[in-house]
There are 2 protein chains.
Amino acid sequence: MSEAPAPRSFLDRLFDRGLLIRTGVDGLYGRSGAFESVVEALDRLVSRIGGADGAEVLRFPPGMARASFERSGYLKGFPHLAGTVHSFCGNEADHARLLACLDAGEDWTAKQAATDIVLTPAACYPLYPVAAARGRLPEDGLLFDLQSYCFRHEPSLEPTRMQLFRMREYVRMGTPEQVLAFRELWLQRGTTMMSDLGLPLAIDPANDPFFGRAGKMLANNQRAQALKFELNVPVNSEDKPTACLSFNYHQDHFGTTWGIHQADGSVAHTACVGFGLERITLALLRHHGLDLDAWPAEVRAQLFG
Amino acid sequence: MSEAPAPRSFLDRLFDRGLLIRTGVDGLYGRSGAFESVVEALDRLVSRIGGADGAEVLRFPPGMARASFERSGYLKGFPHLAGTVHSFCGNEADHARLLACLDAGEDWTAKQAATDIVLTPAACYPLYPVAAARGRLPEDGLLFDLQSYCFRHEPSLEPTRMQLFRMREYVRMGTPEQVLAFRELWLQRGTTMMSDLGLPLAIDPANDPFFGRAGKMLANNQRAQALKFELNVPVNSEDKPTACLSFNYHQDHFGTTWGIHQADGSVAHTACVGFGLERITLALLRHHGLDLDAWPAEVRAQLFG
C-alpha cells in the first residue's frame, strides 16, 4: 500500500492551473489572462457601486516621490515593508566592476544608490501631497478614486500575501462627520458586494502591522479607537481569514502631516476604503473553484454580466 | 509695453490641464481619469488589432525576480536604467538609527539591502524564463500578450520620457521565419493603427540606449543588422520625434540566454512589438489637443467607439 500523496497547497493548485505563474520569488507571481479578467471585473464592479458618488479619478504609477514618502511617516510604522528604488550611477570602470562582481556570483548591489523614487506602499500615499497642494477643501470635502500596484516586502507562501499587488481605493477628505459617514457607507456597500459574490465574510476590528515593540502600542491604540476594520474571508485557512477590504479612519493624521485643511481652515480628517483586488480574486477562486466558467451564474453575472 | 510671457512647455500645459499631476520628481507623474481613459482605449485597440492571433495573455507585476534579471544580460547594456528594490532588514535599534538619520535630514538609505526584486525594465523580460520552463516550443512557435508598468532611471523634463510608464507588447517565439513574419505584420499593423489615429509618423531604424563606449558598438551593430525599428511621432519637437512603437528582432539572444528551444531542438528566435501607452497618449494630446471631447470624430471612434 503506497502512501497518499501530500495534498497540494492552494498556491500549488493555482500554479498547476496556470492562474498564477512562478517567478522564483515568494509573493511575486505572473497572472494568467483568466486571473486578470477577474481583477478587471472587480475593478469595474467597485466603479459601478461607487460610480454615482462622483469621485475624482486619479491613477499613480507604482512608485512615488521619496521626499513625499519620507514625510508621510510610513518609515515610523512600517520600515520593514518599504521598498526603495536604487540605481547604478557610476562610470565605465564602475560598470566593469559591477559586471565582474555579477560574473563571480558576488554581491553587485552594494554600490546601487537610492533614487528619488520609492515603491508605493498603499494606493493613497501619493494622493495626500497632491490634495494639499490644491489648497483648502471645498465645503463638501473631496472624494478620490485610486488604484495602483503596491509593494510590501513580506515574502510569503500564502498566495494572499503578495509583495506586489493591486489596491483599489476610495479616499474621502473633509470633516470628521463627512469621512465617518463615508466609511460607514462603504462598510455596508462592501459587505453587500462581497455577499453578492457568494463569499462568507466577517467584519472585524483590525490593526496595521506596525514594526517592533513600540508598534504594539500603536496597534493596540488603533484597535481601541476602532480606527480600522477589515472584511475578512477565509482563503488560506478558516483560522486566519484574509483581509480583502479595509476601512480606515485616519483622523487628522494625514491632514496634519500634509497640511490639508477644511474650508473653515481646520485640519482635514481623512478615511479610505481599500479593495485588495488579488485577494478578492483569490477568495473567489477558493470558494467557487479554479474554473471560472463553472462559477455560480449569479456570481458571474455580477462580474461579467 | 510688457514682455510676452514665455510660452508654456507641453509638460506645463499637461499639468495646467490636470492631465498629468506633479509629484516633485521629473518623469514621475500622476494621471487624470481622462489621461487614463486614453491609455485604456489604446490597450483595447491593440487587443482588437491583434485579437484574432490567439496570443496567450500573461500579466506580470512591475517587478521581476532579481535572479532572472541578472541572467537576462540587461546589466551589460543598460546598468544606468535599471532599478533595484531595497528594503530595511534591521532590528529595533537599527530602526531608531534610521529614524534619527531621517529626522536629521541625513541619508538613511545606505543600510537598505537589496531584495530579490528588480523593477521590470521592459514588459517582456519576465516572460522568457517562464517560456523556457515549459520545454520545447510547439511547431507553430508561441505568441504572448503582455502589459506592465516598466521602470527606467532617466529623469527628464520631456513628458514622453517617464521613469515609470506602461508598455504593451506582443512577443513571438519560433523559427527566424516565424518571428520575422510577425515583425513584418506588426510593422504594417502599427503603421495603419497610428495613421488611423491621425498621427504623422515615420518608421526608422533605431538602436537601444546602450551604456558607455562599448555600447556604441552594440548600437551600431544593431542598426547595421536592422534589428530594431521604431515608429516615430513628433511630440516634444519635430527634430527629435518620439518612438511610440518599437519592433525588435532579438535573433537567438533570449533563446540562448534562457535555453528556449524550437520543436526540432534548435535555439528559438524571438521578436517583440512594444507599444508605449503613455507615449501614444501624449502624441494624441499633442496633435489633437488637450480636450479629448474635441478630438476628430474618426479618432474618437477608433478609441471610444
Exercise. Note the full-extension length gain between B:GLN251 and B:GLU184 as 0.36 nm times their separation in residues minus their Cα-Cα distance, in nm to one decimal.
Key: 22.7 nm
Practice problem: Treat each spin label as a single point 7 Å out from the Cα along the C-beta direction, and report the B:ILE49 to B:SER237 distance in nm. | Solution: 2.8
Quiz prompt | Spatially proximal aspartates and glutamates relative to A:LYS111 (Cα-Cα < 19 Å; intrachain offsets below 8 disregarded) | solution = A:GLU92, A:ASP94, A:ASP103, B:GLU70, B:GLU106, B:ASP107, B:ASP116, B:GLU154
Quiz prompt | Förster radius 41 Å - calculated FRET efficiency between A:LYS76 and A:SER195 (Cβ-Cβ, nearest 0.05) | solution = 0.65
Practice problem: Using only the alpha carbons of the protein assembly as shown, determine the length spanned along each of the three principal axes and report them from longest to shortest in whole angstroms. | Solution: 100, 68, 53
Self-check item: Top positive-direction residue, dipole computed over the protein assembly as shown with Cβ charges, set B:THR270, A:ALA34, A:LEU157
Solution: A:LEU157
Practice problem: Given the peptides A:206-214, A:28-36, B:17-25, arrange them by the average over their residues of other C-beta atoms within 10 Å, most packed first. | Solution: A:28-36, B:17-25, A:206-214
Self-check item: Solvent exposure of the range A:120-194 as accessible area per residue, Å², 1.4 Å probe
Solution: 34
Self-check item: Taking the convex hull of Cα positions in the range A:199-241, its mean projected area over all directions (nm²)
Solution: 3.4
Quiz prompt | Separation between Cα centres of the range A:1-36 and the range A:276-305, rounded to whole Å | solution = 17
Exercise. Using only Cα atoms, locate the centre of the range B:63-85 and the centre of the range A:111-159, then give the distance between them in Å, rounded to an integer.
Key: 25
Quiz item: Where the label is 7 Å out from Cα toward Cβ, how close does B:GLU106 come to the same position in every other copy, in nm, shortest first?
Solution: 2.8
Quiz prompt | Total accessible area lost when A and B pair, probe 1.4 Å, Å² to nearest 100 | solution = 4800
Self-check item: Two-decimal ratio, the range A:23-80, of alpha-carbon radius of gyration to 2.2 N^0.38 Å
Solution: 1.61
Quiz item: Expressed as a rounded percentage, what relative contact order does chain A have, with Cα pairs under 8 Å and six or more residues apart?
Solution: 20
Exercise. Counting helices only, and only those DSSP H runs with n ≥ 4, report the 222 nm mean residue ellipticity of chain A as the sum of -39,500 (n - 2.57) divided by its residues, in deg cm²/dmol to the nearest 500.
Key: -11500 deg cm²/dmol
Exercise. Keeping the other protein chains in place, figure out the carbon and sulfur percent of the accessible area of the range B:66-204, with a 1.4 Å probe.
Key: 52
Quiz prompt | Cβ crowding within 10 Å averaged over residues, with A:148-157, B:293-302, A:166-175 ranked highest first | solution = A:166-175, A:148-157, B:293-302
Quiz item: How many partner chain Cβ atoms sit within 10 Å of a residue's Cβ in peptide A:210-222, on average, as a whole number?
Solution: 1
Quiz item: Given the Cα atoms of chain B, and with Rh set as the inverse mean 1/r over their pairs in the Kirkwood sense, what is Rg to Rh to two decimals?
Solution: 1.00
Quiz item: Just the accessible area for B:ARG183, please: 1.4 Å probe, Å², rounded to the nearest 10?
Solution: 30
Quiz prompt | Neighbouring partner chain Cβ atoms per residue of B:72-85, average, 10 Å criterion | solution = 5
Exercise. Order the following by accessible area, largest value first: B:LYS76, A:LYS111. Probe radius 1.4 Å; ligands, DNA and RNA are ignored.
Key: A:LYS111, B:LYS76
Quiz item: Counting Lys and Arg as +1 and Asp and Glu as -1, what is the net charge of the other residues whose Cβ lies under 14 Å from the Cβ of A:ASP116?
Solution: 0
Quiz prompt | Cross-link partners of A:LYS228 among lysines (Cα-Cα below 21 Å; sequence separation of 8 or more within a chain) | solution = A:LYS76, A:LYS216, A:LYS240
Quiz item: Highest mean first, what order results for B:4-12, B:276-284 on Cβ atoms within 10 Å?
Solution: B:276-284, B:4-12
Quiz prompt | Label-point separation, B:GLU154 to B:GLU298 (7 Å along Cα→Cβ), nm | solution = 3.3
Quiz prompt | Nm distances between copies for B:LYS216, ranked from closest, using label points 7 Å along Cα→Cβ | solution = 6.3
Practice problem: Can you check what the net charge comes to around B:ALA271, using other residues whose Cβ is under 13 Å from the Cβ of B:ALA271 (Lys, Arg +1; Asp, Glu -1)? | Solution: -1
Self-check item: At 7 Å out from Cα toward Cβ: B:ALA133 inter-copy label distances (nm, ascending)
Solution: 4.0
Quiz item: With charges set only on the Cβ (+1 for Lys and Arg, -1 for Asp and Glu), what does the dipole of chain A come to about its Cα centre, in debye to the nearest 20?
Solution: 320
Quiz item: What average number of partner chain Cβ atoms lie no more than 10 Å from the Cβ of the residues making up B:113-122?
Solution: 5
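The values are calculated or read from the model by the stated rules, or taken from the named source; none is laboratory data. Keep in mind that this is a model prediction, so the values were computed, not measured. All Cβ positions, glycine included, derive from the backbone under ideal geometry; neighbour counts span all protein chains shown. Remember, those area values only see protein heavy atoms, side chains included, never the ligands or the DNA or RNA. Shrake-Rupley method; radii C 1.70, N 1.55, O 1.52, S 1.80 Å.
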